[in-house]
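Enquirer: Let me give you the structure first, and then I'll get to my questions.
The values are calculated or read from the model by the stated rules, or taken from the named source; none is laboratory data. Remember, predicted model here, so these are calculated numbers, not experimental data. Here the Cβ is made from the backbone with ideal geometry for all residues, glycine too, and neighbour counts use every protein chain on show. We work out accessible area using only protein heavy atoms, side chains counted, and drop any ligands, DNA or RNA first. Shrake-Rupley method; radii C 1.70, N 1.55, O 1.52, S 1.80 Å.
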Amino acid sequence: MKTITTNLHTHTERCNHAVGADRDFVEAAIEAGVKILGFSDHVPMPYRNHFQSHIRMRVNELPDYTSSILSLKEEYRDRIEILLGYEAEYDPDLFPEMLKELSQYPFDYLIFGAHFVDNEYTGFYSGTETDEEAHLAAYVENVLAGLSTGVFTYLAHPDLIHYNGPDDIYEEHMRRICLATKEQGIPLEINLNGFLYDRHYPCDRFFRLTKECGNTIVVGYDAHNPALFSDAETLKKAEALIKRLDLSVTYEIPIIDPHHPKLP
Ligand SMILES: [Zn+2]
Ligand SMILES: [Zn+2]
C-alpha cells in the first residue's frame with residue numbers, strides 16, 4: 001500500500017470521544033507523510049428538542065473549531081495543506097438547518113458517515129449487530145437519501161451497518177449503495193479506525209461487492225487519536241484487505257464543494 005498522502009477523516013476532542021490537541025493531529029499526520037489533511041469532526045446538529053448528543057460538538061463550538069483549524073492551516077501551510085470539513089449524518093428533518101448553521105462559517109467539504117438511521121434519539125445506531133433485514137434496508141435508504149443531496153465528497157465506513165444475516169440478502173441491499181456511489185463518482189472508504197479496534201468493518205463481503213461494481217476506493221484514518229497515524233499494525237490490516245481482494249485504491253481524492261452540490 002502506498003503512503004496515504006490525502007486523509008480527509010480526522011476528529012478532534014470536541015466530539016468527546018477523541019483525544020489529542022488539534023495541533024498534535026497535524027504533527028502526527030506530517031510525520032506519517034500526509035500532504036493534505038482534512039479535519040472532519042462529527043457535525044453539530046441543531047436539535048430542536050433539547051436532546052444533547054455526547055458524541056459531537058455543540059453548535060456553539062463551531063466558531064472555536066473553525067478558528068482553530070484555520071489558524072493551523074495558516075501556521076503549517078509550508079508543510080501540509082489543511083482542509084476544514086465535517087463528517088455529517090443525514091437526518092432528513094434537520095439536514096437543511098444543519099447546513100445553514102455550518103454555512104455561517106467557512107468550510108471546504110463534507111464526508112458522509114451514516115452512524116444513525118434516521119436520527120440519534122429515535123433511530124438506531126448502524127453499528128449495532130442485527131439480523132433484521134429491515135435494519136439493513138433502512139440503513140441503505142438513509143445512505144441513498146443522503147447521497148442524493150450531492151454535497152458529500154465520499155462515504156465513510158460504508159460497511160458500518162452490522163447486519164449478520166446471509167450474504168445474498170446483504171449483497172442485494174448493499175449493492176444499491178455501490179451502484180449509486182459509482183454512478184455519482186463518490187468514493188467509498190476503507191476505514192482504518194475500524195481496523196484499529198477490530199470492529200466488524202471494514203469487511204470483505206462489502207469490498208468484494210465494490211470490486212464487482214467498479215467503485216473508487218479511498219483509505220481514511222478516521223483518527224480519534226494522533227497515534228493512529230503511526231500505527232503500523234492497523235495499516236497492515238488495510239494492506240492485507242487490499243491485497244486479498246486485489247482492490248485498486250485512489251490516493252488523490254477530488255473534493256466536492258458542498259456549497260455547489262454535485263447532483264446525481
Ligand atoms: Zn467518532
Ligand atoms: Zn469518523
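Enquirer: Just to be sure I understand, how many residues within the range 1-16 are assigned to a loop (DSSP other than H, G, I, E, B) and under 15 Å from the mean Cα position of the chain (by Cα)?
Expert: The total comes to 4.
Enquirer: While we're on this one: Looking at (1) outside any loop (DSSP other than H, G, I, E, B); (2) in contact (Cβ under 8 Å) with a residue 12 or more places away in the chain; (3) out of contact with any Asp or Glu (no Cβ under 9 Å at 6 or more places or on another chain), can you tell me which one ARG199 breaks?
Expert: Result: ARG199 fails condition (1) only.
Enquirer: Please indicate, with yes or no, whether at least one residue in the range 168-179 is open to solvent by 10 Å² or more (accessible area, probe 1.4 Å), within 16 Å of ligand 2 (Cβ to nearest atom) and of a type outside the set (A, V, I, L, M, F, W, C).
Expert: Within the range 168-179, not a single residue is open to solvent by 10 Å² or more (accessible area, probe 1.4 Å), within 16 Å of ligand 2 (Cβ to nearest atom) and of a type outside the set (A, V, I, L, M, F, W, C).
Enquirer: Now, a different point. From the list PHE112, PHE95, which one is surrounded by 22 or more Cβ atoms within 10 Å (Cβ to Cβ) and in contact (Cβ under 8 Å) with a residue 24 or more places away in the chain?
Expert: PHE112
Enquirer: With respect to TYR154, determine if the residue is open to solvent by 40 Å² or more (accessible area, probe 1.4 Å), within 15 Å of ligand 2 (Cβ to nearest atom) and not acidic (Asp, Glu).
Expert: No, not satisfied.
Enquirer: Additional query: Being surrounded by 15 or more Cβ atoms within 10 Å (Cβ to Cβ), assigned to a loop (DSSP other than H, G, I, E, B), within 16 Å of ligand 2 (Cβ to nearest atom) and at pLDDT below 95, is that true of even one residue in the range 46-55?
Expert: yes
Enquirer: Shifting gears a bit: Give the range 203-228 a look and list any residue that's within 16 Å of the chain's Cα centre (by Cα) and either within 16 Å of ligand 1 (Cβ to nearest atom) or among the acidic types (Asp, Glu) (or both), or say none.
Expert: If the condition is that a residue be within 16 Å of the chain's Cα centre (by Cα) and either within 16 Å of ligand 1 (Cβ to nearest atom) or among the acidic types (Asp, Glu) (or both), then GLY220, TYR221, ASP222, ALA223, HIS224, ASN225, LEU228 are the ones that fit.
Enquirer: Right, next: Can you go through ASP24, ASP41 and tell me which one is in contact with a helix residue (DSSP H, G or I) (Cβ under 8 Å, 6 or more places away or on another chain), within 16 Å of ligand 1 (Cβ to nearest atom) and closer than 14 Å to ASN225 by Cα?
Expert: ASP41
Enquirer: For ASP78, are the conditions met, namely being more than 30 Å from LYS243 (Cβ to Cβ), more than 15 Å from ligand 1 (Cβ to nearest atom) and without any contact (Cβ under 8 Å) to a residue 12 or more places away in the chain?
Expert: When the stated conditions are applied, ASP78 passes them.
Enquirer: If you don't mind, another one. Might you let me know whether the range 81-91 holds any residue that is out of contact with any Leu (no Cβ under 8 Å at 6 or more places or on another chain), touching a residue at least 12 places away in the same chain (Cβ under 8 Å) and of a type in the set (A, V, I, L, M, F, W, C)?
Expert: no
Enquirer: Also, quick follow-up: Of these, ASP41, ASP64, which one is of a type in the set (Asp, Glu) and outside any helix (DSSP H, G or I)?
Expert: Selected residue: ASP41, the only one of ASP41, ASP64 that is of a type in the set (Asp, Glu) and outside any helix (DSSP H, G or I).
Enquirer: Taking VAL249, is it more than 16 Å from ligand 1 (Cβ to nearest atom), within 28 Å of HIS17 (Cα to Cα) and either at pLDDT below 95 or out of contact with any Pro (no Cβ under 9 Å at 6 or more places or on another chain) (or both)?
Expert: So VAL249 fails the test.
Enquirer: Go over the candidates LEU110, LEU136, LEU84 one by one and state the one that is more than 16 Å from ligand 1 (Cβ to nearest atom), under 18 Å from GLU61 (Cα atoms) and in contact with a Ser or Thr (Cβ under 8 Å, 6 or more places away or on another chain).
Expert: Result of the check over LEU110, LEU136, LEU84: LEU84.
Enquirer: For the range 58-72, state whether one or more residues are on the phi > 0 side of the Ramachandran plot and over 21 Å from the mean Cα position of the chain (by Cα).
Expert: no
Enquirer: Still on this structure: Just need a number here: residues in the range 183-200 that are surrounded by fewer than 16 Cβ atoms within 10 Å (Cβ to Cβ) and of a type in the set (Lys, Arg).
Expert: 0
Enquirer: A further question on this structure: Quick check on my filter: what residues within the range 1-21 are open to solvent by 60 Å² or more (accessible area, probe 1.4 Å) and within 16 Å of ligand 1 (Cβ to nearest atom)?
Expert: Across the range 1-21, the qualifying residues are GLU13, ASN16, HIS17, VAL19.
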